[in-house]
Amino acid sequence: MHARDKRHAGDKGETSILGKRVQKDALVIEALGSLDEVNSWLGVCKTKTNDTALTEYLLGMQQDLFIIQAEVGGAKVSLKKEKVDRLEEIITTIDAVVPKQHVFCIPGGTDISAYLDYARTVARRAERSVVAYNKEQPVNEFILTYMNRLSSTLYAMARYVNVKEGCPEKEPTYK
């Protein structure tokens, strides 16, 4: 294949994963695209915060998502339980600072909390894509757990930012 041909290799609705051609609407491609999207949103969140701990947490999550993407794509890497445990530690740390809630909050207290809430929804979509792919090709159990905890962690982070900034959160009125 010539260089020019490689540039147009995806024009017919296919792409390559580890040298194998697959349709761009395959479940694996949907899962990989959704994981890439949440990783990119975490990058946006990193640029919007000056909180060093939050930046480090987000960077760690991005690194984890690269492992997940590689594993879902068929590479010989594997997400370990310690990555899930780390997310649970972050949630526990934040829960010690943030008041207990019994209902969801309306997103958008501060800029960074709004970005984190948006990243949370993208993470949920990525989770759904990975769950769908898991029905076709079983994935490491820690990936499914990690994806569930990721959105919970992002929710906790958004609440933490609002508390830290002194921004009162609003609950839905359901009226």
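The values are calculated or read from the model by the stated rules, or taken from the named source; none is laboratory data. These numbers were taken from a predicted model, which means no experiment stands behind them. Every residue, glycine among them, receives a Cβ derived from its backbone with ideal geometry; neighbour counts consider all protein chains shown.
What the table below lists for this structure:
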read-out: Looking only at region 155-175, and only at residues there that are among the acidic types (Asp, Glu) and surrounded by fewer than 17 Cβ atoms within 10 Å (Cβ to Cβ), the one that is modelled with the highest pLDDT; value: Glu165
read-out: Output for region 99-124, where each listed residue is surrounded by 14 or more Cβ atoms within 10 Å (Cβ to Cβ), farther than 20 Å from Glu165 by Cα and out of contact with any Phe, Trp or Tyr (no Cβ under 7 Å at 6 or more places or on another chain); value: Thr121, Ala123, Arg124
read-out: In region 68-84, residue surrounded by the fewest Cβ atoms within 10 Å (Cβ to Cβ) [restricted to those that are assigned to a helix (DSSP H, G or I) and in contact with a Leu (Cβ under 8 Å, 6 or more places away or on another chain)]; value: Glu71
read-out: Test: residue in region 100-115 that is outside any helix (DSSP H, G or I), in contact with a helix residue (DSSP H, G or I) (Cβ under 6 Å, 6 or more places away or on another chain), within 19 Å of Val38 (Cβ to Cβ) and in contact (Cβ under 8 Å) with a residue 12 or more places away in the chain; value: yes
read-out: Qualifying positions in region 126-140 - more than 18 Å from Leu58 (Cβ to Cβ) and surrounded by 17 or more Cβ atoms within 10 Å (Cβ to Cβ); value: Ser129, Val130, Tyr133, Asn134, Val139, Asn140
read-out: Boolean, Leu42 is in a helix (DSSP H, G or I) and surrounded by fewer than 14 Cβ atoms within 10 Å (Cβ to Cβ); value: no
read-out: Close pairs from region 20-46: first within 13 Å of Arg128 (Cα to Cα), partner at pLDDT 95 or above and of a type in the set (Ser, Thr, Tyr), Cβ under 6 Å, at least 6 apart; value: Leu27/Tyr133; Val28/Tyr133; Glu30/Ser129; Ala31/Ser129; Ala31/Tyr133; Ser34/Ser129
read-out: One residue from Leu87, Leu65, Leu54, Leu32 being aliphatic (A, V, I, L, M), in contact with a Ser or Thr (Cβ under 6 Å, 6 or more places away or on another chain) and either assigned to a helix (DSSP H, G or I) or surrounded by 19 or more Cβ atoms within 10 Å (Cβ to Cβ) (or both); value: Leu87
read-out: Subset tally (residues that are modelled with pLDDT of 95 or more and either of a type in the set (Phe, Trp, Tyr) or touching an Asp or Glu at 6+ places or on another chain (Cβ under 7 Å) (or both)) for region 82-121; value: 3
read-out: Test: residue in region 141-154 that is assigned to a helix (DSSP H, G or I), buried (at least 19 other Cβ atoms within 10 Å of the Cβ) and touching a Pro at 6+ places or on another chain (Cβ under 8 Å); value: no
